[in-house]
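Notes follow once the structure below has been shown.
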Amino acid sequence: MANFKDFVDSPINSKFILQGNQAFALGVVHSGYHCVDGYPGTPSTEVIDKSLAYVQDKIKVGWDVNEAVAVAVGVGHAIAGFDSVVTMKTPGAFQAGDAITTSAFYHAPAGAFVLFVATDYVPSSTQHVIDLRHLFASARIPVLEPRNHQEMYEMPWHAADISRQFNTPVVILASGILCHSEGLISTKQARTITPRELPKDLKSWMGMPNLARKAYNFTTQQRIPQVREWAEKSELTKEFIGSDDWGLIVTGESNIIVNEVLGSLGLNPSILSIANVYPLPEKRIKAFAEKISGNLFVIEDGDKFVEDKIKLLGINIIGKDEDSVITEWTPELVIEFLSKHINIDFHLEKTKLDITPVMRPPAICPGCPYRAFGLTVQKLRKQNKIYTGFGDIGCSTLLSFLNAIDTCLCMGASDSMRQGFVLSRPEYAHRTISVLGDSCECHSGLDSTRNAVFRNTPGVKVILDNSITAMTGGQPAPTTKNNLAGIENKFDLVKAEQAEAARVVTVDSYNMKDVEAKLIEALDLSEKGEFTTLILQGPCVNQVESKKKQRTLTINYDKCKKCGKCNICPGIELDENKTPHFTNFCTNCGGNTPVCMQRCPFDAFELIQEEKKEKRDLKIEKYVPSTNIDIDKEKLPKSIRLAIRGIGGQGNLFFGKVLAEVAMNTPYADTHIVKGDTHGMAQLGGPVISTFSCGDVYSSTLVPASADVLVVMEMSEILRPDFLDLLKPQGTILLNKFRALPPNTKMSDYPDYVEIKKSLSNYNVIEIDGNEICSEIGDKQGKSANIIVLGLLSTIKPFNCIPKEVWLNALMKLSPNDVIKTMNKLAFEKGINYEISK
């Protein structure tokens, strides 16, 4: 499996399937930037985390404690003459708003200064759907919106050139859909940029009221008009003249959504495609509008920013309704929108099912160190000892589903909210708590701690310290042992809290008795006017080594009374008789004392007795890739599309990676390949969807009735709204007969399999029990089920047009060692040889 350094060192015109964030990161290196800073925030994190962190020999890279700090560090790099980029998501731009908008009005020569801001207009992992273009335009900062994965790679060139030429910050506003989907890109010739010489002094970077007015006037009357004139000639605006009499003006990622729709429906309007959305190329827009004899439409994500500006030009254009809440266009929304104004031959009857899927709300991971605390608060609330919990951003937000918190405002604000509440209602000081993670405390929560001491506000602030920035994938925080460069962190959270003069108490987050005792003690002291920061320490289970996550418990069913107290985690489920059973998701609480064991009042959980383990008779063979594979291009369809549904932890991401690698070794590599995956709050055990398309395709978001195959890894997930609507009329459903029961869900709440089959009676369904077949190859945990299903998929039309050898080569290339290669080959062949019931 190629790593990011291989991409960086590749020759010109190399082709890769990259996540949008990785494509952008590769463009940053190839276009000659010197420095990158940021704060982790889905969907922007992988620019640094999965990419630039691995090439620190080529570029200065670092995580900062928050976005405002990162922006100021980036400005410092630029003042020093070095090209810099700062990464964040939408809320981060607001957190850094002062630094961003102030930096906008400096105009002294400097290195390029670029902000990469990822939007989340769904939203999937953010509380914001606000359109930042209004803010950036008011600050006179040019804004670029990449339209596809190739432009995610190329946009760093454009942004750096604009920034240096016009001495301005530049914003690359990237769609979260592009950031987290993958697409085929081709590399350019890398370049080296020489840092600018330092000036005699830095007085040009002084900000005072009288200077601010002059800078605003200069930026508004000189710099922005110059950038606008550049925009009129830029390749970032492209015009396509079609055969239909109507036209479209489309911005950003909406372009690939629109193209996907037009291709599916056989429509051919004229299109003005715009990536430089501020300032707009007004002359080109006017010239394009004059060419359109029919209706002219505008499609853009976010607010009606471009639409309003076009209307100010006196152009009659049709856009969103006055009170529209569309912030991110989907193929279905585009079809619905256009159908109101032009005749479109597309009719989709929404699938209506009499049964519903099981609810899978976002949840903390199996074995998460937060669970013991959440259950403790749940208990104390029932006893009326806690009235409410003020929550924060990150994994701790998911404690809402354990009834441990009620509110969430923004990063670091939980205790500030608690303070305001308690200052107004002091009688509740001993019955309210605030909760946040260690990275949030370091981000901006320490300000609230200081304020509680400053305002002498009694109460309890709980800091859940897992020593990592967990929700975004495990990036180093100030509390992590080492920083991104591998240098030992000197920051000490406990000492920092003590330095604020707060009462500080630490406790093992997996010790339920201690957690409850220390929390009750802190609440009692708050009634006497004391402010306590209670730090619960325990590592993120996803950062724990694998051997510690191997289950060491068994259940003594002679002692078990079926009380259900252990049904608290995806690692355990109850059968129809309320008998608990461990699932494949159990992580053994990362080697700590399992919480389910502590909850059991009958001591039914016991350590597994050491016994001689059976040796797996697995013959390891070196795989030799097949060569000179003959692929009949004429037999390949123009496009192939597929969607996969399952739950987090079933291997959907790997499934998609193999499909992409397969396509790269076919003639589809000369067309286009895209894949999309669920990110953000899709925790282990939560519902996830992935898509894959190759050939004459544009977007990872599928048009209804366009998928050749739907793969379902967890059987009730087939019932998710709109999923069946993706399937072509003659398409195939590949259904894996695996069931996963969410915590606190009764077996009677799970859809009956007979009813699921009945609801699919009008579809072409192929059933397989991949998890059961796993046992035939010695995989008792069912980890190879996705590979078995993949093998079966390779035999189903239209995927069977691709030779078996191509599939095996791809699978083996992505399998990291000979043991896994052998297991995956066995699993894949089990799928290929599976006898489909007629």
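If residue 584 passes every condition in (1) in contact with a Pro (Cβ under 8 Å, 6 or more places away or on another chain); (2) part of a loop (DSSP other than H, G, I, E, B); (3) within 22 Å of residue 362 (Cβ to Cβ); (4) not aromatic (Phe, Trp, Tyr) but one, which one does it miss?
Here residue 584 meets the rest and fails (1).
Mind checking which pairs have a first residue in the range 762-783 that is touching a residue at least 12 places away in the same chain (Cβ under 8 Å) and of a type in the set (S, T, N, Q) and a second that is assigned to a helix (DSSP H, G or I) and buried (at least 20 other Cβ atoms within 10 Å of the Cβ), Cβ under 9 Å, 6 or more apart or different chains?
These pairs meet every condition: 771/785; 771/788; 781/774.
Here are some residues: 322, 328, 336. Which one is assigned to a loop (DSSP other than H, G, I, E, B), open to solvent by 80 Å² or more (accessible area, probe 1.4 Å) and not β-branched (Val, Ile, Thr)?
Unique residue meeting the criteria: 322.
For the range 523-552, how many residues are open to solvent by less than 70 Å² (accessible area, probe 1.4 Å) and within 21 Å of residue 466 (Cα to Cα)?
First, pick out the residues of the range 523-552 that are open to solvent by less than 70 Å² (accessible area, probe 1.4 Å): 523, 525-526, 529, 531-536, 538-541, 544, 549, 552.
If we keep only those that are within 21 Å of residue 466 (Cα to Cα) as well, we get 532-536, 538-541, 544, 549.
The qualifying residues number 11.
Criterion first (part of a helix (DSSP H, G or I), within 30 Å of residue 65 (Cα to Cα) and under 30 Å from the mean Cα position of the chain (by Cα)) does residue 372 satisfy it?
Yes: the conditions hold for residue 372.
For the range 774-838, give me every one of the helices (runs of 4 or more DSSP H) that falls completely inside it and has 1 or more residues that are at pLDDT 95 or above, within 17 Å of residue 736 (Cβ to Cβ) and touching a Leu at 6+ places or on another chain (Cβ under 8 Å).
Passing ranges, in order: 785-793, 818-832.
Run down 560, 566 and say which single residue is part of a loop (DSSP other than H, G, I, E, B), of a type outside the set (Phe, Trp, Tyr), open to solvent by less than 60 Å² (accessible area, probe 1.4 Å) and touching a helix residue (DSSP H, G or I) at 6+ places or on another chain (Cβ under 6 Å).
Answer to the check: 566.
Collect the residues in the range 508-566 that are over 30 Å from the mean Cα position of the chain (by Cα) and of a type in the set (S, T, N, Q), keeping them in residue-number order.
Across the range 508-566, the qualifying residues are 511, 526, 532, 533, 552, 554, 556.
Being of a type in the set (A, V, I, L, M) and in a loop (DSSP other than H, G, I, E, B) is the filter; apply it to the range 6-57 and report the residue that is most open to solvent (accessible area, probe 1.4 Å).
Once the filter is applied, the top-ranked residue is 12.
Yes/no per residue for (1) free of Cβ contacts under 8 Å to residues at least 12 places away in the same chain; (2) crowded, with 24+ Cβ neighbours inside 10 Å; (3) part of a helix (DSSP H, G or I):
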| residue | (1), (2), (3) |
| --- | --- |
| 379 | no, no, yes |
| 385 | no, no, no |
| 440 | no, yes, yes |
| 464 | no, yes, no |
| 467 | no, no, no |
| 471 | no, yes, no |
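Pull out all pairs, ordered by first then second residue, where Cβ-Cβ is under 9 Å, the residues are six or more apart or on different chains, the first lies in the range 309-334 and is closer than 27 Å to residue 699 by Cα and of a type in the set (S, T, N, Q), and the second is outside any loop (DSSP other than H, G, I, E, B) and at pLDDT 95 or above.
Matching pairs, first to second residue: 330/257.
Among the numbered conditions (1) part of a loop (DSSP other than H, G, I, E, B); (2) modelled with pLDDT of 95 or more, tell me where residue 277 comes up short.
(1)
Which condition number in (1) closer than 17 Å to residue 224 by Cβ; (2) touching a residue at least 40 places away in the same chain (Cβ under 8 Å); (3) more than 28 Å from the chain's Cα centre (by Cα) is the one that residue 138 fails?
Status for residue 138: all satisfied but (2).
Taking residue 150 as the residue in question, decide whether it is polar (S, T, N, Q), open to solvent by 40 Å² or more (accessible area, probe 1.4 Å) and in contact with a Cys (Cβ under 8 Å, 6 or more places away or on another chain).
no
Quick check on my filter: what residues within the range 389-422 are outside any loop (DSSP other than H, G, I, E, B), touching a strand residue (DSSP E or B) at 6+ places or on another chain (Cβ under 9 Å) and open to solvent by less than 10 Å² (accessible area, probe 1.4 Å)?
Answer for the range 389-422, where residues must be outside any loop (DSSP other than H, G, I, E, B), touching a strand residue (DSSP E or B) at 6+ places or on another chain (Cβ under 9 Å) and open to solvent by less than 10 Å² (accessible area, probe 1.4 Å): 389, 391, 396, 399, 414, 415, 418, 419, 422.
Cβ-Cβ below 8 Å, separation at least six or inter-chain, first residue in the range 234-249 and under 14 Å from residue 283 (Cα atoms), second open to solvent by 50 Å² or more (accessible area, probe 1.4 Å) and at pLDDT 95 or above: which pairs?
Close Cβ pairs satisfying both conditions: 237/284; 239/284.
The values are calculated or read from the model by the stated rules, or taken from the named source; none is laboratory data. Predicted model only: the values in this text are computed from it and were never measured. Don't worry about glycine lacking a Cβ; one is built from the backbone with ideal geometry, like all the others, and counts go over all protein chains shown. With ligands, DNA and RNA removed, areas are computed over all heavy atoms of the protein, side chains included. Shrake-Rupley method; radii C 1.70, N 1.55, O 1.52, S 1.80 Å.
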